[in-house]
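What follows is a single structure, written as structure tokens, with notes after it.
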Amino acid sequence: MANAASVLLAIGTKKGLWLGTSTDRTHWDLTGPHFLMQEIPSIGIDTRGDRTRILVGTRSEHWGTTVLHSDDFGASWIEPERAAISFPADTGAALERIWQLQPDAASQPGVVWAGCEPISVWKSTDGGEHFELNRGLWDHPHRTQWGAGYGGAAAHTVLPSPADAQTIHVAMSTGGVYRSTDGGDSWQARNQGISAYFMPDPLPEFGQCVHKIARDAGQPERLYAQNHHGVYRSDDSADSWSSIAGGLPADFGFVMLAHPCRSGTAWVIPIKADGERIPPDGKLAVHRTDDAGESWTRADSGLPQNEYNAVLRDAAATDTAELAGVYFGTRDGCVYASADEGSTFTEVASHLPDVLCVRAAVVTV
Amino acid sequence: MSGVADVLVRVPSLLRQFTDGHEELLLTVEGPITVTAVLDVIGAQFPFFNRRVRDETGALRRYVNIYLGYDDVRRLRGTDTTVLPGQELMIIQSVAGG
């Protein structure tokens, strides 16, 4: 159970969920596994209003996938009798995996977005208990040309804009970035400047393998992207992208985090290359920028000397504090926390199953 | 086969939390008595069980096996397989995972 002014850390793995609480972001009380033997590829912590709701996307190879929620810090979980996410019959599709559970801004209470496999975006207006398929993206004429990344064909990132309820960005592998400015009724590819070096036309309208995008805290029209090789920034709501990979040891990776409160600060965790998916030289490090990608600072204090596992796209998060905490987990089940914006880390857990998703938030009870 | 028949379904231990703890379900099925019809009857009473056995298209999940007697229904006519009076259905999860 969390205490006043605690930080809640949720760790989704290939075989269950662990929940941690801490008052200093260094010492953690962990519970788990919850949902033993089920994948937890998506977590949302919704602190809007007067309660904290933890949303989890669960997936069992045997028994399928669904969304559950807890309003008591994981002491109990509720699965709605009617499936939270279920493809309408006319689509002929079946839900494979829930990749993203994203509460909207405080100005949109009850609205939660989901990004799923097969590539689809869903919107809930009841706090994540039931979702409706976004038909604008489902019926998009590009759909037949979107591909599947190694992890599956999914809308893995959904970013509503806190400044404008009509603007939403979605990212998919492979397809790239799409933007809606009419609340999701229509979507346009927004990948100008992002490389798709693996295609005959390396700068196509769409088809890029964008691994993760994040929105700047102070400038909602500024976005950061970690691509399948390439790190980019857009200052015009994704109309165009420019490289900010200079100063990084590698431009491959999956993680892209933006500071929850301060403009210009973001983090990446580089991986050496497409064909060599380990931290550069086997040395795990987090790189932070405080000037929107013009320069980067490497940090490895508290991290292992040798690490040959990747950090997956959603296996990293910040919390919601002004002095942000930074958290991530590896595919070998180690989880690290930083209470000083990613300068130094302490180990939260080790030898868990593969970490798929990490989320954190300041909570009160 | 059409009509009314009582069908016995054996539930795997992992799914009994979704059948009020029942290891067996004795169901009265009307109309064309197929595996689908049996699952529809169970699903009407136990929706959480239904979602774990079938996806929203009605397809049997990949790693869920249903045996009619000693036969995997996938090797018969799938969920269109006819269930005769007195036959039993057994639901078993595949031996899969890691």
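Values as computed for the structure displayed
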item	result
Qualifying residue in the stretch B:81-94 (condition: touching a Ser or Thr at 6+ places or on another chain (Cβ under 7 Å), assigned to a loop (DSSP other than H, G, I, E, B), over 13 Å from A:Trp63 (Cβ atoms) and of a type outside the set (Ser, Thr, Tyr))	yes
Hits in the stretch A:35-48 - residues which are touching a residue at least 60 places away in the same chain (Cβ under 8 Å) and within 14 Å of chain B (Cβ to nearest Cβ)	A:Glu39
Boolean, A:Leu133 is in contact (Cβ under 8 Å) with a residue 12 or more places away in the chain, closer than 18 Å to A:Cys209 by Cβ and either of a type outside the set (S, T, N, Q) or in contact with a Phe, Trp or Tyr (Cβ under 8 Å, 6 or more places away or on another chain) (or both)	no
Count of the stretch A:137-177 residues which are part of a helix (DSSP H, G or I) and buried (at least 17 other Cβ atoms within 10 Å of the Cβ)	2
Entirely in the stretch A:201-281, the strands (runs of 3 or more DSSP E) that have 2 or more residues that are in contact (Cβ under 8 Å) with a residue 60 or more places away in the chain	A:210-215, A:223-227, A:231-234
Residue in the stretch A:49-65 that is at negative phi, part of a strand (DSSP E or B), surrounded by fewer than 21 Cβ atoms within 10 Å (Cβ to Cβ) and within 12 Å of another protein chain (Cβ to nearest Cβ) present	yes
Any hit, the stretch B:48-55, residues being in a loop (DSSP other than H, G, I, E, B) and either more than 12 Å from the chain's Cα centre (by Cα) or modelled with pLDDT of 95 or more (or both)	yes
Of residues in the stretch A:82-96 being surrounded by fewer than 20 Cβ atoms within 10 Å (Cβ to Cβ) and in contact with a strand residue (DSSP E or B) (Cβ under 7 Å, 6 or more places away or on another chain), the one nearest to A:Ala360 (Cα to Cα)	A:Glu96
Whichever residue in the stretch B:1-19 is within 14 Å of chain A (Cβ to nearest Cβ) and not hydrophobic (A, V, I, L, M, F, W, C) and, among such residues, is surrounded by the fewest Cβ atoms within 10 Å (Cβ to Cβ)	B:Ser13
Residue in the stretch A:84-109 that is nearest to the other protein chains (Cβ to nearest Cβ), counting only those that are touching a Lys or Arg at 6+ places or on another chain (Cβ under 6 Å) and in a loop (DSSP other than H, G, I, E, B)	A:Pro109
Matching residues in the stretch A:77-135 - criterion: being on the phi > 0 side of the Ramachandran plot and of a type in the set (Asp, Glu)	none
Residue within the stretch B:16-26 that is touching a residue at least 24 places away in the same chain (Cβ under 8 Å) and out of contact with any helix residue (DSSP H, G or I) (no Cβ under 7 Å at 6 or more places or on another chain) present	yes
For B:Arg62: the one exception among (1) within 14 Å of chain A (Cβ to nearest Cβ); (2) among the charged types (D, E, K, R); (3) surrounded by 13 or more Cβ atoms within 10 Å (Cβ to Cβ)	(3)
Selection status of A:Leu30, on the phi < 0 side of the Ramachandran plot, away from chain B (no Cβ under 14 Å) and buried (at least 18 other Cβ atoms within 10 Å of the Cβ)	no
Yes/no for A:His140 being of a type outside the set (D, E, K, R) and either within 13 Å of chain B (Cβ to nearest Cβ) or touching a Ser or Thr at 6+ places or on another chain (Cβ under 8 Å) (or both)	no
Meets criteria (buried (at least 23 other Cβ atoms within 10 Å of the Cβ), in contact with a strand residue (DSSP E or B) (Cβ under 9 Å, 6 or more places away or on another chain) and at positive phi) for A:Ala238	yes
Failed condition for B:Gly43, given (1) part of a loop (DSSP other than H, G, I, E, B); (2) small (Gly, Ala, Ser); (3) at pLDDT 95 or above	(1)
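For (1) within 14 Å of another protein chain (Cβ to nearest Cβ); (2) crowded, with 16+ Cβ neighbours inside 10 Å; (3) over 27 Å from A:Phe87 (Cβ atoms), each residue gets a yes or a no:
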residue: B:Glu23; (1), (2), (3): no, no, yes
residue: B:Gly43; (1), (2), (3): yes, yes, no
residue: B:Asn50; (1), (2), (3): yes, yes, no
residue: B:Thr57; (1), (2), (3): yes, no, no
residue: B:Tyr70; (1), (2), (3): no, no, yes
residue: B:Met90; (1), (2), (3): no, yes, yes
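The values are calculated or read from the model by the stated rules, or taken from the named source; none is laboratory data. Here the structure is a predicted model, which means the values were calculated and not measured. Every residue, glycine among them, receives a Cβ derived from its backbone with ideal geometry; neighbour counts consider all protein chains shown.
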